[in-house]
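What follows is a short report on a single structure.
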Amino acid sequence: MFETAARLRAAAMRPENFRDANAAALAKAFDCWRDREFPKRRETVAQIASAWSYTAALLDESLDALLEPFRTSALRSFGARVPPRRDVIGFIMPGNVPGAGVHEFSTALLAGSGLIVKTSSAEPLFFGAFARTIAEIAPQVGARIAVFNWSRGQTGLTQTFRTACDWIVAFGNDATLAGLTAAEIPSNKPNRPNTQLVGFGSRVSGALVMNEALRDSTEVLNALARDITLFEQRGCLSPHHIFVEGSGARAFAAELATALDRVASKIPPPHRCGLEDAAAVRSVRENARWRALGGQDVALWEGARLGWTVVYDSSAHFRVSPGWRTVYVSAVADLNDFIRRMEPASGRLEACAIAGPASRVDQLTPALDRLGVSYICAPGAMESPPLEWHHGGGAFLLKLLDRKLLDRR
């Protein structure tokens, strides 16, 4: 591990480590991976589909959305604003979403850093295959990436990894990150503070449909159904709760159920899910069923088996679903009511999709900023944040980049 870090640091110091070359190599790699027939992508999708019981159609749609922002022009423009670095960054990648962390991975590579990537045991495939693509396109850029996989139980190797890197970027749930934060990471450099950790913990997302968007809601319904479907709601950008302004929330929920069923016919749900996940979805369904029978303003729509679930709960505050295309829909009286309903998730919110006029969306931005929302977008774009996305509040960008770049939203 120390030898790898030294090799990557030396590669980062080479004179040919230019931002233009980094952006060009990344752009070509992303162009390859946006092609569904690219052999490395096909092989990776097939392996993940087999391991997770996902369909290839689901993974292809999800990866298409994830890779969409990484276009040549965007990479060159963003790369030109990235201050050069020559350090070694360690990445602890998550296992819930293939490719999660690719924004931070790409930004660090654009900056010229060396990258040691520890992939998750649950998903060890994407970053290894993507790094090999970069190395084949531009060996001098690929020489700054090393991808490893080892189990969580190999604590000695994890400690060595953490010590060998200049700083660590970790993705995972809150419990995992709490363990990393509590453990001291000794510095590998004399007279320097301990290695720093930037963590991305558990985050969730929601959506708002304004009155104006209900007049012709077909496009909004289809877009939100796709947002809910991608990655089976396992990532931080997936919507869990949709709020509908005015009196049309129940009808919108019924139409959303139809839209989810339509999407499921084209992008089938997984062949099976784990016992705990299945129990969690069934619990949501049974709770809604009994509450409706008890006379509460609640309604349930459910797809075949556990394919998708829509729960209309008129007055609920923001609620996190168990995923697997399970979503809550509630009514809000106005924008102030919407913010009040979102407040229980303050500090855990990542994205908010809003359907409505831009002028009214702008009215919400300050309040959503206070709640910690890092990405506001239209329905259908939730899984495609721009390169300068302030993921998790922007701590990674704050450390890696100039503050002036952070102010350019």
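The values are calculated or read from the model by the stated rules, or taken from the named source; none is laboratory data. Computed from a predicted structure; not experimentally measured. Because the Cβ atoms are built from the backbone with ideal geometry, glycine has one as well, and the counts that use them run over all protein chains shown.
Annotations
- Selection within the stretch 111-124 - among the hydrophobic types (A, V, I, L, M, F, W, C) and crowded, with 21+ Cβ neighbours inside 10 Å: 111, 115, 116, 117
- Picking from residues in the stretch 29-50 that are surrounded by fewer than 15 Cβ atoms within 10 Å (Cβ to Cβ) and in contact (Cβ under 8 Å) with a residue 24 or more places away in the chain, the one that is farthest from residue 66 (Cα to Cα) is 43.
- Meets criteria (among the polar types (S, T, N, Q) and touching a His at 6+ places or on another chain (Cβ under 9 Å)) for residue 346: no
- Members of the stretch 240-256 found to be over 15 Å from residue 214 (Cα atoms) and either of a type in the set (S, T, N, Q) or surrounded by fewer than 23 Cβ atoms within 10 Å (Cβ to Cβ) (or both), listed by number: 240
- Residue count for the stretch 99-110, restricted to those that are over 20 Å from residue 41 (Cβ atoms) and either hydroxyl-bearing (Ser, Thr, Tyr) or modelled with pLDDT under 95 (or both): 1.
- Subset of the stretch 78-98 (residues that are under 18 Å from residue 64 (Cα atoms) and either surrounded by fewer than 22 Cβ atoms within 10 Å (Cβ to Cβ) or free of Cβ contacts under 8 Å to residues at least 24 places away in the same chain (or both)): 96
- The single residue among 157, 177 that is surrounded by fewer than 20 Cβ atoms within 10 Å (Cβ to Cβ), in a helix (DSSP H, G or I) and in contact with a Gly (Cβ under 7 Å, 6 or more places away or on another chain) turns out to be 177.
- Qualifying position, being under 28 Å from residue 277 (Cα atoms) and crowded, with 17+ Cβ neighbours inside 10 Å, among 26, 58: 58
- Selection of first residues in the stretch 298-322 that are closer than 25 Å to residue 338 by Cα and of second residues that are at pLDDT 95 or above and assigned to a loop (DSSP other than H, G, I, E, B), restricted to Cβ pairs under 6 Å at least 6 apart or on distinct chains, gives the following pairs, ordered by first then second residue: 308/325; 314/297.
- Flag if residue 300 is touching a strand residue (DSSP E or B) at 6+ places or on another chain (Cβ under 9 Å) and surrounded by fewer than 22 Cβ atoms within 10 Å (Cβ to Cβ): yes
- Every pair of residues 6+ apart whose Cβ atoms lie under 8 Å, when the first sits in the stretch 374-400 and is farther than 17 Å from residue 198 by Cβ and modelled with pLDDT of 95 or more while the second is surrounded by fewer than 18 Cβ atoms within 10 Å (Cβ to Cβ) and among the hydroxyl-bearing types (Ser, Thr, Tyr): 376/365
- Enumerated strands (runs of 3 or more DSSP E) restricted to the stretch 194-296, each holding at least 1 residues that are in the same structural domain as residue 329 (by TED's automatic domain parsing), of a type in the set (Val, Ile, Thr) and more than 30 Å from residue 160 (Cβ to Cβ): 204-209, 239-245
- So residue 368, is it in contact (Cβ under 8 Å) with a residue 12 or more places away in the chain and in the same structural domain as residue 215 (by TED's automatic domain parsing): yes
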